[in-house]
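One structure below.
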Amino acid sequence: MREVDVALITETVKELCISANTDLGEDVIEAIDQAIEKEESPLGIDILNELKENAQIAKQEKVPICQDTGFAVVFVELGQDIHLVGGDLSEAIHEGVRQGYREGYLRKSLCHPFTRANTGDNTPAIIHMELVPGDKIKIVVAPKGGGSENMSRVTMLTPSEGVEGVKRYIVQRVKESGSNPCPPTIIGVGIGGTLEKAAFLAKKSLLRPLGSKNPDPELMKLEQEILSEINKLGIGPQGLGGRTTSLAVHILMMPCHIASLPLAVNIQCHAQRHKEAII
Amino acid sequence: MKRPIRLRPPLSDEDVERLKIGDRVLISGIIYTGRDAAHKRLFDLLKEGKELPFDLKGQIIYYVGPTPAKPGQVFGSAGPTTSYRMDAYSPALIEKGLKGMIGKGMRSDAVKEAMKRFKAVYFAATGGAGALLAKRVKKAEVVAYEDLGPEAIRRLEVEDLPVIVINDVHGNDLYIEGEKKYRTSPQSPPYQGGD
């Protein structure tokens, strides 16, 4: 059985927090480039170019892409043949976040829900842990900003509303969110499961690289249809009007209860940040 | 495309009257930062009839909570936060002489009404362009509520801070007009199910 010291996990999470917040993925840059080609609004094109320039500055100077360096959402796929030593795994992850946000000069954005007193170190992290076969650990850090998260929703549709109800709800959610979630956005969708599972799937769908196709042909078609409807809304970059309201729609789906049709819409701003490492 | 308009606070009624939605503006000089918690405190002071930590007359408030500055940096990443959370407090500040707000996202009818009545404008800076906007900040100092950390009120000296007029004093709204101009789908009926 392979032994892994949790100190290595702390170190990895720390590095991922910093790189995710300063180095925007090439997939996002490419999606913005494609949007520039299609955009008709002059103001919209300006904004898209500004976002590219911003990403370049952030990468070169190793400063955060956005001041909202987010809630640290950490996905862990833990190989079941690994024996962890040296301490508590969850605490090791929190410590990685603590160190990353301090040493990376990232904003501490978490507080008590009522008093609003800041926790001071951007902990706790949100940890999604999954046991998988093998002896590797995959860690993904996906900082999530508050502005776009605030526009996200979970709803329980009635089964009779079906796929049309799902489409209508998602497009309406994007419309009502308008300029608030920093368009162009990426729309993460979770369909099925239970209330919390739908929300988890929506979040997890955002990890798929932009420009990649959904392996399920039915969902791939649905993603394209919804994206096309969204981009007819006219909201455009930053909500100033234009063709590019969203860069992509990503869907994950699983079976649900015979009585329900759970649907979660997790809106992600254009700063779609996540970085991964395999130990 | 029209050349950007240059503005330097404090702003007069005439300064804001000539601004129209979609105008690109470069702001230089002094502006103040303030977001959720700072707004609540300013609002509470006004309610109690107490003096504010700085004079609002003719000033601009930027809704921003920056990242901590790295060594050698004047200011950390500094893009706008979503403005609707300040809607409950803004009309009272506008009535006290606030002339400009910089944020992102839609404002409430009450804020738009106050902007028309007391002559103030709402600007958007590009949400998420925090690294780029930080470079326009030349000096920064905390003037109140240091305990709020990123939410403290700071006096910033900025140079050519790029913003766009979203709401003007004539009651126009670029978010509404822009969407109308580029919308190609029919108005879909609002969602009827539960939420």
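The values are calculated or read from the model by the stated rules, or taken from the named source; none is laboratory data. Just so it is clear, the structure is predicted and the values come from calculations on it, not from any experiment. Positions of Cβ are backbone-derived with ideal geometry, glycine not excepted, and every protein chain shown enters the neighbour counts.
Just so you know, in the stretch A:134-154 the residues that are closer than 20 Å to A:T22 by Cβ and surrounded by fewer than 20 Cβ atoms within 10 Å (Cβ to Cβ) include one that is nearest to the other protein chains (Cβ to nearest Cβ), and it is A:G146.
State whether the residues of the stretch A:216-223 include one that is surrounded by fewer than 21 Cβ atoms within 10 Å (Cβ to Cβ), hydrophobic (A, V, I, L, M, F, W, C) and in contact with a strand residue (DSSP E or B) (Cβ under 7 Å, 6 or more places away or on another chain). Yes, because at least one residue in the stretch A:216-223 is surrounded by fewer than 21 Cβ atoms within 10 Å (Cβ to Cβ), hydrophobic (A, V, I, L, M, F, W, C) and in contact with a strand residue (DSSP E or B) (Cβ under 7 Å, 6 or more places away or on another chain). If you go through the stretch A:246-279 and keep only what is within 13 Å of chain B (Cβ to nearest Cβ) and either modelled with pLDDT under 95 or part of a loop (DSSP other than H, G, I, E, B) (or both), you end up with A:S260, A:C269, A:H270, A:A271, A:Q272, A:R273.
Inside the stretch A:110-131, can you point out the residues that are of a type in the set (V, I, T) and under 22 Å from the mean Cα position of the chain (by Cα)? Matches in the stretch A:110-131: A:T123, A:I126, A:I127. Scanning the stretch B:1-60 for residues that are closer than 20 Å to B:R117 by Cα, more than 14 Å from every other protein chain (Cβ to nearest Cβ) and hydrophobic (A, V, I, L, M, F, W, C) returns B:L11, B:V16, B:L19, B:F43, B:L46, B:L56, B:I60.
Per the listing B:R3, B:R85, the residue uniquely of a type in the set (K, R) and under 21 Å from B:R136 (Cα atoms) is B:R3. B:H170 meets all of the listed conditions (1) crowded, with 16+ Cβ neighbours inside 10 Å; (2) away from chain A (no Cβ under 14 Å); (3) not aliphatic (A, V, I, L, M) but one, namely (1). Residues in the stretch B:133-148 that are touching a residue at least 24 places away in the same chain (Cβ under 8 Å) and facing chain A (nearest Cβ under 9 Å) were compared, and the one that is surrounded by the most Cβ atoms within 10 Å (Cβ to Cβ) is B:L133.
Comparison of B:Y122, B:Y89 shows that the only residue that is surrounded by fewer than 23 Cβ atoms within 10 Å (Cβ to Cβ) and either at pLDDT 95 or above or touching a Phe, Trp or Tyr at 6+ places or on another chain (Cβ under 7 Å) (or both) is B:Y89.
Only strands (runs of 3 or more DSSP E) whose full extent lies in the stretch A:116-228 are considered here, and the ones with at least 1 residues that are outside the structural domain of A:L252 (by TED's automatic domain parsing) and within 30 Å of A:R2 (Cα to Cα) are A:126-132, A:137-144. A count restricted to the stretch A:213-249 and to residues that are under 23 Å from A:V73 (Cα atoms) and without any contact (Cβ under 8 Å) to a residue 12 or more places away in the chain stands at 0. Among the residues of the stretch A:119-133, is any more than 12 Å from every other protein chain (Cβ to nearest Cβ) and touching a Pro at 6+ places or on another chain (Cβ under 9 Å)? Scanning the stretch A:119-133 turns up no residue that is more than 12 Å from every other protein chain (Cβ to nearest Cβ) and touching a Pro at 6+ places or on another chain (Cβ under 9 Å).
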